[in-house]
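No lab work stands behind these numbers, since they all come straight from the coordinates. Remember, predicted model here, so these are calculated numbers, not experimental data. Positions of Cβ are generated from backbone atoms using ideal geometry, with glycine treated the same way; all protein chains shown enter the neighbour counts.
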């Protein structure tokens, strides 16, 4: 197990690749520029397994109360995401009060976004059989059972004892990109701008 993945550590796992017709390398370069110019970036995503208000924000607040920063741990995959490459115009923490996304930040083809900084390349191995879902309906489910099929992202917490079961093979994920989540952690998106 890698040093960053100690018991009690909170993380958000996500598979990443081509998104809104843009290569991962281009996305990383754009996010690096956003962090330099605005002090943070928004990493767009979809799906309800990491819903901003019911999953990511409560999990991140719990970890922050423990003095921990959640790391976004990304596994690079082959993907073909052909959503419109238009940028979202507004964001909301709660889905009710909306604010304009700063001009420096461009988040494309997504319903939600994670608020990040400290984005960098790395080489880590995440053992999913040493993680559990800490929030939501699947609380307590091991990451190696949860991340499957269409589930490609999750809030996870490292645990002391690995899941040892014959029907679940060792499930290690190669993490090649990480970032720190920062308050407000995850937001809703709407509208369009070029």
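Among 16, 187, the order by Cβ neighbours within 10 angstrom, fewest to most, reads 16, 187.
Entry note, region 4-76: relative contact order of 56 percent, from Cα contacts under 8 Å with a spacing of 6+ residues. Counting 0.36 nm for each residue step from residue 150 to residue 54 and taking away their Cα separation leaves a gain of 32.6 nm.
Here the extension length gained between residue 104 and residue 18 equals 28.8 nm, from 0.36 nm per residue of separation less the Cα-Cα distance.
Rounded to the nearest 500, the helix-only mean residue ellipticity at 222 nm of the chain stands at -4000 deg cm²/dmol, with each DSSP H run of n ≥ 4 adding -39,500 (n - 2.57).
Estimated from the Cβ-Cβ distance and a Förster radius of 22 angstrom, the FRET efficiency linking residue 30 and residue 192 is about 0.80. Mean-square fluctuations from a GNM of the chain, with a 10 angstrom spring cutoff on Cα atoms, peak among 181, 128, 24 at 24.
Rounded to the nearest 10 degrees, the angle from helix 24-38 to the longest Cα principal axis of the chain is 70 degrees.
Projected label points at residue 139 and residue 86, each 7 Å from Cα along the beta carbon direction, are separated by 4.0 nanometres. Between the C-alpha center of region 130-151 and that of region 47-122 there is a gap of 19 Å. Neighbour counting of Cβ atoms within 10 Å sorts the residues 159, 107, fewest neighbours leading, into 159, 107. Restricting the count to DSSP beta bridges whose residues both fall in region 10-190, what percent are antiparallel, rounded to a multiple of 5? If we restrict to bridges inside region 10-190, about 85 percent are antiparallel.
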